[in-house]
1. Would a scan of region 71-78 turn up a residue that is assigned by TED's automatic domain parsing to the domain that holds residue 112 and part of a strand (DSSP E or B)?
2. Failed condition for residue 289, given (1) more than 26 Å from residue 323 (Cα to Cα); (2) in contact (Cβ under 8 Å) with a residue 40 or more places away in the chain, with all others met?
3. Check 292, 330 and return the single one that is under 30 Å from residue 35 (Cβ atoms), buried (at least 18 other Cβ atoms within 10 Å of the Cβ) and in the same structural domain as residue 230 (by TED's automatic domain parsing).
4. Going by the structure shown, is residue 65 over 24 Å from residue 312 (Cα atoms) and touching a strand residue (DSSP E or B) at 6+ places or on another chain (Cβ under 6 Å)?
5. What tally of residues in region 237-271 results from selecting those that are buried (at least 22 other Cβ atoms within 10 Å of the Cβ), outside any helix (DSSP H, G or I) and touching a strand residue (DSSP E or B) at 6+ places or on another chain (Cβ under 8 Å)?
6. Sort out for me the strands (runs of 3 or more DSSP E) sitting completely within region 2-56 that have 1 or more residues that are loosely packed, with under 15 Cβ neighbours inside 10 Å.
7. Go through region 292-308 and report how many residues are free of Cβ contacts under 8 Å to residues at least 60 places away in the same chain and part of a loop (DSSP other than H, G, I, E, B).
8. Pull out all pairs, ordered by first then second residue, where Cβ-Cβ is under 9 Å, the residues are six or more apart or on different chains, the first lies in region 85-105 and is on the phi < 0 side of the Ramachandran plot and free of Cβ contacts under 8 Å to residues at least 40 places away in the same chain, and the second is surrounded by 24 or more Cβ atoms within 10 Å (Cβ to Cβ) and in a loop (DSSP other than H, G, I, E, B).
């Protein structure tokens, strides 16, 4: 039985323009065609008059599942509960495809969910839950900390088993990468772990002395990821030498380059450059590194991810539009470009015929986007019904 629905009368944002007062036709969960004229909505159709019709957001890097599971150091909630509660939040924020970023830190990590066996358990549970009824599309991004010497067999096992959809190599050794400025890292650790300055300096020195996984093993893991079709990302690139190493791994994504020179070179080398949407919203990096707005002005940013704050995705795109960027350009950073970088651009990431009907209906209020409905595979998974602004609606 053919299931046809239409979204009528909206401002349809395509990769290269906006179709005013158009009609998006969906058939069996896929975009069948986009018409440049309105149609009268039928009983199963959606009236998008006055609203933007946008592609669903693809978030390549989100730590949200870790925070949902362990919001406090001593509070660890079950993965099943956290998964369903987070999924509802993500759908309401317009994220239709999420790459859950799980950090495989080491077996002695202060955060239990970053220990090797815990990470494997969470990944396998996510994949099981994602195969059942769900609101949005779930994928897994493993963040492999390269001082985790015991992790290599686990990473290999998960790659061999087809359990990973993205892999990144991370190095948070003090004095380089994200934490080139040791003062920034010292303050961060003191605040996060409630340590004295002396205790923090001892901890950072111990981290600085940690051995790292050999280049041979990293190359082996990178080659295996490539053979399995798993995109590889580098993290916090801070030098041209680091980019040389990244290229030797066959990485295709550069996450959060720490200065403009490195970002420019990463872009010139054909890497997909990722910056944080929170960085856009705040106008700065939380660790005093490269400003995303500066990098966007220089034309070196391809992708925005939520990093640690999922609501920032759609908000950042509309902030860029407010600052003078074309809306299709801004939306591509949170939809089409991520899809291309992760090898799923042929079936999602933009409003084009033949792609999955992952669609947002939104309007603006005070230049901010407000989501009205979210569709995944042509089916409404979230609808907001804001109450009218009237004295009768306001109760003390």
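1. Within region 71-78, one or more residues are assigned by TED's automatic domain parsing to the domain that holds residue 112 and part of a strand (DSSP E or B).
2. (1) is the only condition that residue 289 fails.
3. Only one candidate qualifies: 330.
4. Criteria not met by residue 65.
5. The total comes to 8.
6. Result: 4-14, 17-27, 30-35.
7. Final tally of qualifying residues: 5.
8. Qualifying pairs under 9 Å: 86/310.
The values are calculated or read from the model by the stated rules, or taken from the named source; none is laboratory data. Just so it is clear, the structure is predicted and the values come from calculations on it, not from any experiment. Glycine gets a Cβ as well: all are built from the backbone with ideal geometry, and neighbour counts include every protein chain shown.
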